[in-house]
Amino acid sequence: MTNLQSLEFFIPELILTITILAALITDLFVKKSKTNMIGWVLGVGLVVVGLSVHNLSSAPPTTLFLDMIVIDPFSSFMKIVIILSTLLVIVASWVNDELEKYRKGEYFTIMGIMVMGLFLMTSSVDIIMLYISIEVVSIMSFVLAAYLKLDTRSNEAGLKYVIYGAFSSGVMLFGLSIVYGLAGSTNYFAIQDTLSSLDGSANPALIMALLMIFAGFGYKISSVPFHFWTPDVYEGSPSTITAYLSVAPKAAGFAMIIRFFHQVFSDSIGLTSNSIGSTDLPWPEIIGVLAVVTMTMGNLVAIQQKSIKRMLAYSSIAHAGYMMLALPVLSMEAVESIMIYLFIYVFMNLGAFFIVIFVKNKTGGESFEDFEGLGWKMPIVGAFMTLFMLSLTGLPPTAGFVGKLYIFKTLVGAGSEFLWLVIAGGVNSVISLYYYFHVVKVMFLGGKRSDVITYPPSTMFGLMIFTAVPSLILGLYWNPLASWVKDSLVFYNQVM
Amino acid sequence: MENILSLLIWIPILGAIVVAFLPRDKDNLIRYTSAAVTGLQFIIAIVLWRKFDPSDGSMQFMERYEWIPSLNISYILGVDGLSLPMVLLTGMLFFIGVFVSWNIKKAVKGYFSLYLLLDAGVVGVFLSLDFFLFYIFWEVMLLPMYFLIGMWGGPQREYAAIKFFLYTLFGSVLMLIGILGLYFTCGKTFDILLIMERAPEALNGVLWWGMSAAKVIWVLVFIGFAIKVPVFPFHTWLPLAHVEAPTAISVLLAGILLKLGVYGIIRVNYGIMPNEVYWFAGGLAFLGLVNVIWGGLCALAQTDLKKLVAYSSINHMGYSLLGMAAVVAAGAMNGGDLKAAQAGLSGAVFQMFNHGTISAMLFILVGVVYERAHHRDIDGFGGLASKMPVYTGITALAFFAGLGLPGFSGFVSEAMCFIGAFPVFRTIVILSTIGILLNAAYFLWAFQRVFFGKLNEKYKDMEEINGLELFTVIPLAVITLFFGIYPGPYLDLIKATMDQIIEKVAFVATYASL
């Protein structure tokens, strides 16, 4: 589709651009104490964006701007997940005391720009576009991570993030350039076409390229061995940003990986070793091993953490591992399971982070000691946190179980060669129980009955309810989610 | 009365919610509400029993609703001769347990709310006929149990609670993989009855890693249940959890939660993969033997009265395993001895009921003395018989029932297990009679040390067992005595269902040998 024709299908992004500009301009006119208002501007804008994404989701899949990006139900789904998590984080940012010392105008604006980048990540089908969108997101994340400029740890987080980010995107760019050299095009579909006709002599280059590209992808979803930035960045960043980084870029990252592998390297059965060009690289096994290492590492290191925020950082590495389990299969069913997992993960993970924020507001710390006796002083918060921990462990009847069920189901259904992945995943959930329930233990088993019961302030309470209800309900009744995901399982595919 | 089974599950759940919203200082109100809820559940269970048709071995009072059609998950409940006695036992023990917990002072509201949730989970497992539902209830029990042990337990409670949780979760994860294996091989359904129908044929020839998928699934699911039973070597969580848990929770743990393991093996492993029973029966009988001997020896070595009772559970569940293994006597290659198979399987099922009542009684009695002396060291007492004659009498009765004295129900079921297993596993049965000896030794020796000899001066003012405590023990004692003398009603109740399971196993064997 030509540039001009495309605009009609680019309305969500256009509205988003206007929102970002509006946010910037509003910031000029408000006092420092009133900068929460910019959050309102962005929030309302995002709701409108969400509605227009929803409107477009029923349009037939097509490419825009001369095959740069696509719109299809899959990208619409991911965009809505991103909007949802952004909205929740915006509300949380209003009540996050860490940010009180700073103007929040830029903060919200940058978040808006990040959403723009995430949108493009989910829908690009061109390696240039892909690279640009990743960079937009990365640079915005660097700034947000270092937003607490008076706090050395936040500065450290930003700096580390920049170094790792620059390195891995450099490596990725190198890989992408090799692919371009082999295929002579930057477009996914053209690449797929050429690669499938390559003979074996190009294999070394192709394998190199793939591994390098995966460095970039792995960095985005914090998969081992590209995860080293995660704990430090997550610990140093403002908690709201940590929560955001653990959810939205991860969702977009998975969308990007799925689209890339699905459209460049897989056939109708899914991702199998013989479907990647003509290489003999055991690609499913490599991703499988990475997934297992990722979750095992995340879980084992999480056990030793003293700060709950850092523990959640490692746990989010582990969750990336669970989702990666389904990548080696990459059938439609696998994509479905990752989408369901992501959607559920947004709620349970954000919920846990919101409680960390709430506790930090109250006690000024985020270590296990700060949670001591929380269940007795604030039973409701304690109960919510227990629910989130249960859900993150993946115990029924919470939503986390449904996510894991879908992933495991995909693997068992894909045949016995993937069975070891299921067993690894299962054992890992058991390991994760230990540290998640360490939180519960500290909250309930440690403390004493207190005579005064306090309740969280209303905004925080609302956020908790809004994340807790889906974390429970989706574990008991997820028909609407399942059918929505099923409808969204349509990729734009030129070969069709 | 159409949804009588749903009532059994949802009444305690509603009760848990109601209790959670009661004012937290009204301790007595909370206790009475819990008693009313569990009492109501018990009455419904009795009504169910009266309406149940024992001549029909298949599922009765079935309920079926669509739930998640995209994965073929439904809400299916049903009851048969295998689950009905367990439901009755659950109803009774949870009702009694409320009175055993009457003296809990710490966070009464939380305690009873979790207690009722546990109740719902247990009943749910016994009644559900859809694997997804089954699994949910199976896991729903874990959280309340974690808190009940971890918050209201003894000094090492936190360690005991998380160990229990980790062990059971490990088992259930393996079970989940097995369930998913069945889901895919049997035409993408979680419906247990449908899977039962399809599995022997569907699993035929399916390979996982070059092994028979059915065997892999059998073992995966078995481990999940074996941890609950607990079968050696998965038993190490049990003594710890028992010792640390508050009395009522120990009662329920031994009385019902362990039975879920045996129930699961019979329902799932036997019901769905009868073929593989032959392959594993020898191992099962051997594990039974190890449980009997190991549990007995460990019990003998204990100085803590509660730990002794805990190990006696491992010992007693060994007999049940032995009886279960006897089912293979029905197979053609073993001479098609239907009588032995019947004796063995009914013995195993009867044993789990009897152990439920007897161990519940034992734990309540240990709790009684702990309440007064604040320790359970066997050697720390002595001569209590002179101070607490009633307590001594009723403990003697419980201990005798525990050691399998004729006249008590334990004797009947243990004998049935032995008789059933004898034709097939002669050596193992002969060896496991050593267990009976050990069984008698540890109970009698402990009894002697606690009640006879010189009165320990510290306890010269020991209070006699009180009315509330008697009220919790006596019904159990009566049941134990009644079934010891006249086991007929129980065996009639389960006979049709047992026959059906045996027929299935026997049929598969003939079919396989052709």
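The values are calculated or read from the model by the stated rules, or taken from the named source; none is laboratory data. All values reported here derive from a predicted model rather than from experimental measurement. Because the Cβ atoms are built from the backbone with ideal geometry, glycine has one as well, and the counts that use them run over all protein chains shown.
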- All helices (runs of 4 or more DSSP H) inside region B:344-459 with 3 or more residues being farther than 28 Å from B:Ile485 by Cβ: B:384-387, B:426-451
- Task: Could you tell me whether any residue of region B:184-194 is within 11 Å of chain A (Cβ to nearest Cβ), of a type outside the set (A, V, I, L, M, F, W, C) and over 20 Å from A:Asn428 (Cβ atoms)?
- Result: yes
- Message: Residues to consider are A:Ser123, A:Ser169; find the one that is of a type outside the set (Phe, Trp, Tyr), buried (at least 18 other Cβ atoms within 10 Å of the Cβ), within 30 Å of A:Arg310 (Cβ to Cβ) and in the same structural domain as A:Phe77 (by TED's automatic domain parsing).
- Response: A:Ser169
- Message: Checking the structure you have, find out if any residue of region A:93-116 is modelled with pLDDT under 95, touching an Asp or Glu at 6+ places or on another chain (Cβ under 9 Å), aromatic (Phe, Trp, Tyr) and more than 18 Å from A:Ser237 (Cα to Cα).
- Response: no
- Note on the structure: Exception for A:Ile453 within (1) more than 23 Å from B:Val140 (Cα to Cα); (2) part of a helix (DSSP H, G or I); (3) within 14 Å of chain B (Cβ to nearest Cβ) falls at (2)
- Query: Do we find a residue being of a type in the set (Phe, Trp, Tyr) and closer than 25 Å to B:Glu158 by Cβ anywhere in region A:397-407?
  - Reply: yes
- Query: Does B:Tyr115 count as within 12 Å of chain A (Cβ to nearest Cβ), among the hydroxyl-bearing types (Ser, Thr, Tyr) and within 17 Å of B:Trp10 (Cβ to Cβ)?
  - Reply: no
- Quick one: in region A:432-450, which of the residues that are of a type in the set (Val, Ile, Thr) and within 11 Å of chain B (Cβ to nearest Cβ) is nearest to the chain's Cα centre (by Cα)? A:Val440
- Message: Scan region B:476-494 and tell me whether some residue there is at pLDDT below 90, more than 24 Å from the chain's Cα centre (by Cα) and closer than 30 Å to B:Leu89 by Cα.
- Response: no
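Considering each residue of region B:212-247, count those that are closer than 18 Å to B:Gly283 by Cα and within 14 Å of another protein chain (Cβ to nearest Cβ), and give that number.
If we filter region B:212-247 for residues that are closer than 18 Å to B:Gly283 by Cα, which is where we start, we get B:212, B:214-235.
Among the residues that remain, those that are also within 14 Å of another protein chain (Cβ to nearest Cβ) are: B:212, B:214-217, B:219-221, B:223-224, B:227, B:234.
Residues in region B:212-247 being closer than 18 Å to B:Gly283 by Cα and within 14 Å of another protein chain (Cβ to nearest Cβ): 12 in total.
Could you tell me which of the residues A:Leu56, A:Leu64 is free of Cβ contacts under 8 Å to residues at least 60 places away in the same chain, in the same structural domain as A:Ile83 (by TED's automatic domain parsing) and touching a helix residue (DSSP H, G or I) at 6+ places or on another chain (Cβ under 9 Å)?
Working: A:Leu64 fails: free of Cβ contacts under 8 Å to residues at least 60 places away in the same chain.
Answer to the selection: A:Leu56.
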- Item | Scope region A:364-408; condition buried (at least 21 other Cβ atoms within 10 Å of the Cβ), within 12 Å of chain B (Cβ to nearest Cβ), in a helix (DSSP H, G or I) and modelled with pLDDT under 90; matching residues | A:Gly375, A:Pro379
- Message: Regarding region A:296-310, can at least one residue be identified that is touching a residue at least 24 places away in the same chain (Cβ under 8 Å), more than 23 Å from A:His438 (Cα to Cα) and touching a Gly at 6+ places or on another chain (Cβ under 8 Å)?
- Response: no
- Query: Does A:Gly218 satisfy being surrounded by fewer than 16 Cβ atoms within 10 Å (Cβ to Cβ), closer than 29 Å to A:Val70 by Cα and at pLDDT 85 or above?
  - Reply: no
- Task: Consider B:Asn275 carefully, then state whether it is out of contact with any Pro (no Cβ under 7 Å at 6 or more places or on another chain), farther than 20 Å from B:Val140 by Cβ and part of a helix (DSSP H, G or I).
- Result: no
- Message: Would you confirm whether or not region B:350-361 contains a residue that is out of contact with any His (no Cβ under 6 Å at 6 or more places or on another chain), at pLDDT 90 or above and over 22 Å from B:Phe225 (Cβ atoms)?
- Response: yes
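Report, by residue number, each residue of region B:82-112 that is within 14 Å of chain A (Cβ to nearest Cβ) and assigned to a helix (DSSP H, G or I). Outline the logic, then answer.
Within region B:82-112, the subset within 14 Å of chain A (Cβ to nearest Cβ) is B:104-111.
If the condition is that a residue be within 14 Å of chain A (Cβ to nearest Cβ) and assigned to a helix (DSSP H, G or I), then B:Val108, B:Lys109, B:Gly110, B:Tyr111 are the ones that fit.
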- Task: Hey, can you tell me all the residues within region B:460-478 that are under 23 Å from B:Ile104 (Cα atoms) and either β-branched (Val, Ile, Thr) or part of a helix (DSSP H, G or I) (or both)?
- Result: B:Ile465, B:Gly467, B:Leu468, B:Glu469, B:Leu470, B:Phe471, B:Thr472, B:Val473, B:Ile474, B:Pro475, B:Leu476
- Query: Got a number for residues in region B:121-152 being under 20 Å from B:Asp80 (Cβ atoms), more than 11 Å from every other protein chain (Cβ to nearest Cβ) and within 18 Å of the chain's Cα centre (by Cα)?
  - Reply: 6
- Query: Does region B:322-330 include one or more residues that are in a helix (DSSP H, G or I) and closer than 25 Å to B:Leu176 by Cβ?
  - Reply: yes
- State which residue is surrounded by the most Cβ atoms within 10 Å (Cβ to Cβ) when the search covers only region B:407-441 and only residues that are in contact with a Phe, Trp or Tyr (Cβ under 7 Å, 6 or more places away or on another chain) and among the hydroxyl-bearing types (Ser, Thr, Tyr). B:Ser413
- Hey, any hits in region B:58-71 for a residue that's charged (D, E, K, R), touching a residue at least 60 places away in the same chain (Cβ under 8 Å) and under 17 Å from B:Asp191 (Cβ atoms)? yes
- Could you tell me whether region B:159-173 includes any residue that is away from chain A (no Cβ under 11 Å), out of contact with any Gly (no Cβ under 6 Å at 6 or more places or on another chain) and among the hydroxyl-bearing types (Ser, Thr, Tyr)? no
- Can you name the condition, by its number, that B:Val290 falls short on among (1) surrounded by fewer than 23 Cβ atoms within 10 Å (Cβ to Cβ); (2) at pLDDT below 90; (3) within 30 Å of B:Ala477 (Cα to Cα)? (2)
- Item | Candidates B:Met175, B:Met196, B:Met145 - the one that is surrounded by fewer than 24 Cβ atoms within 10 Å (Cβ to Cβ), in a helix (DSSP H, G or I) and aliphatic (A, V, I, L, M) | B:Met196
- Of the criteria (1) without any contact (Cβ under 8 Å) to a residue 60 or more places away in the chain; (2) out of contact with any Gly (no Cβ under 7 Å at 6 or more places or on another chain), which one A:Pro379 fails: (1)
